[in-house]
Amino acid sequence: MLTPLLLLWPLSLALTWFVAQGIASKPYDRALEFNLQALSQLVSVNDAVVRFELNAQTRDLLRADDTDRIYYQVLDAEGHLISGEPGFPLPDFERAAARAAPSGTIHLRDDVLRGEPVRVAYTWVLRGNESPQRVLLQIAETRAKRAMLSTEIIKGVMVPQFIILPLAVLLVWLALVRGIRPLNDLEQRIRARRPDDLSPLDDEQVPQEVAPLVSSINDLLLRLKASVSDQKRFLADAAHQLKTPLAGLRMQAEMAQQARHNGEGDIQRSLQQIAKSSMRATHTVNQLLALARAETSGRSLAKVPFDLANAVTEVIEDAVPRALDQSIDLGYEGPAQMPAGCLLQGNPTLLRELARNLIDNAIRYTPAGGVVTVRVLVDRYSGVQLLQVEDDGPGVPQAERALVLEPFYRALGTNVDGSGLGLAIVQEIATQHGATLQLEDSFPSRTPRRGLRVTVRFGLP
């Protein structure tokens, strides 16, 4: 705030100087015009001869000022000097224009006479009855009185400003110190907080100007608190889910070592259980990493044009061996490649993870001899695209469909190994891409195997 004041002060002085020049010139210009009119009364024409008779009263009028010098000049229409100063500068306009100027009109200009700046008043007068003659009268005055008056005006303005400006600086300083004190108190309160204190700030004792800022910080703290809570819950659930396969892995390893030491027992069976537990732990870790990537990286990764049909067919090709091992008929319905202009704007890594988890879930929960069908549908006009994965497994009861989208929740009675993260990952990735997720029965009339159809609806690209 001090910088603009210091910049405006010299600007104010310069503006005052220009205004003072105009104010100082006006009364002296009127006096100069009065003297010019007095001189014009002394011009006469007799027998076509221009005469100028300067009486004693007019001489005293021209010499009445001891500060400035006054010069005058009288010229006839041909430019011959009748009386006055011979070296008087002529007006800037051309001779023809000067002759055409109306008589009696007084003009003012700034000029230089005898090396000094002067203020000049000039006019054309018309004298004579039988043969009127145009006569140019000029009177000039040096600018000493004008400079003195403008200086006095500037002094009268500058002296108060020398007092007002420091006073304004002091008042601004005191006001800012007083106004910033609540902000300093708020800063101290924030610095005194513990790192784990995410409670909202007290917004009742903050200045009104920063109340929206404090409200935004409180909103951020609430969201950060919810995020930290979710991370703690995620870590606790992850530790719980990994505890079982790791404990089984350790137990089978100890049993194998004991059987080898005693020379008895089925070591091969123990090794098979170890391999099964390690696969379960690996699958759980991969699912956890995929969920963490979907939750934390989806908004930061760049989104590019993405061919959904091409990616889904690649995922199906990778899943075919597993489906054949379980005697599951894995099929695909849809285009091999999306038409031009129907590409999604998304993250390829996350969208492939979405399709992989849907197909993996379907294969995992479909019994041997079952059917899994993957569909990709597209509306050429609206650009809406659907990804459907349908199976004829046990399905998900209506009451549990919202719960299976939560991490680590698994429907009871399926007798299938899993981490309960597949649909949670799908839900998170769909949310990141503005898509909707719908769960419904594949075959509503069948009992007990109703199957499950999962539909992901992507909006306009």
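The values are calculated or read from the model by the stated rules, or taken from the named source; none is laboratory data. Model, not experiment: these values are computed from the prediction. Glycine gets a Cβ as well: all are built from the backbone with ideal geometry, and neighbour counts include every protein chain shown. For accessibility, only protein heavy atoms count, side chains too; no ligands or nucleic acids. Shrake-Rupley method; radii C 1.70, N 1.55, O 1.52, S 1.80 Å.
Yes or no, residue by residue, for (1) open to solvent by less than 30 Å² (accessible area, probe 1.4 Å); (2) modelled with pLDDT under 85:
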{"residue": "L36", "(1), (2)": "yes, no"}
{"residue": "L39", "(1), (2)": "yes, no"}
{"residue": "N46", "(1), (2)": "no, yes"}
{"residue": "V50", "(1), (2)": "yes, yes"}
{"residue": "T58", "(1), (2)": "yes, yes"}
{"residue": "D66", "(1), (2)": "no, yes"}
{"residue": "Y71", "(1), (2)": "yes, no"}
{"residue": "L90", "(1), (2)": "no, yes"}
{"residue": "F93", "(1), (2)": "no, yes"}
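Within the range 192-217, the only residue that satisfies the criterion of being touching an Asp or Glu at 6+ places or on another chain (Cβ under 9 Å), among the aliphatic types (A, V, I, L, M) and loosely packed, with under 14 Cβ neighbours inside 10 Å is A211. Within the range 115-129, the residues that satisfy the criterion of being under 15 Å from R51 (Cβ atoms) and either open to solvent by less than 30 Å² (accessible area, probe 1.4 Å) or part of a strand (DSSP E or B) (or both) are V125, L126, R127. Considered as a group, the residues in the range 332-357 that are open to solvent by 20 Å² or more (accessible area, probe 1.4 Å) and part of a strand (DSSP E or B) include one that is farthest from V384 (Cα to Cα), and that residue is Y332.
Scanning the range 190-230 for residues that are of a type in the set (V, I, T) and farther than 16 Å from I180 by Cα yields I217, V228. Taking residues in the range 127-149 that are farther than 26 Å from H80 by Cβ, and partners anywhere that are in a helix (DSSP H, G or I) and of a type outside the set (D, E), the pairs with Cβ atoms closer than 7 Å and at least 6 places apart or on different chains are K145/Y28; R146/A24; R146/S25; R146/Y28; L149/A24.
Among the numbered criteria (1) within 30 Å of T3 (Cβ to Cβ); (2) at pLDDT 80 or above; (3) within 26 Å of the chain's Cα centre (by Cα), which one does E209 miss? Of the numbered conditions (1) within 30 Å of T3 (Cβ to Cβ); (2) at pLDDT 80 or above; (3) within 26 Å of the chain's Cα centre (by Cα), the odd one out for E209 is (2). Figure legend. Inter-residue proximity from the range 329-357: first residues among the acidic types (D, E), second residues open to solvent by less than 70 Å² (accessible area, probe 1.4 Å) and assigned to a strand (DSSP E or B), beta-carbon distance below 9 Å, spacing 6+ or different chains. Indicated pairs: D329/V371; D329/V372; D329/T373; E333/T373; E333/V374; E333/R375; E333/V376; E333/Q388. Take the range 421-445 and flag every residue that is farther than 19 Å from G346 by Cα and surrounded by fewer than 20 Cβ atoms within 10 Å (Cβ to Cβ). Listed by number, the residues that qualify are Q438, L439, E440, D441, F443, P444, S445.
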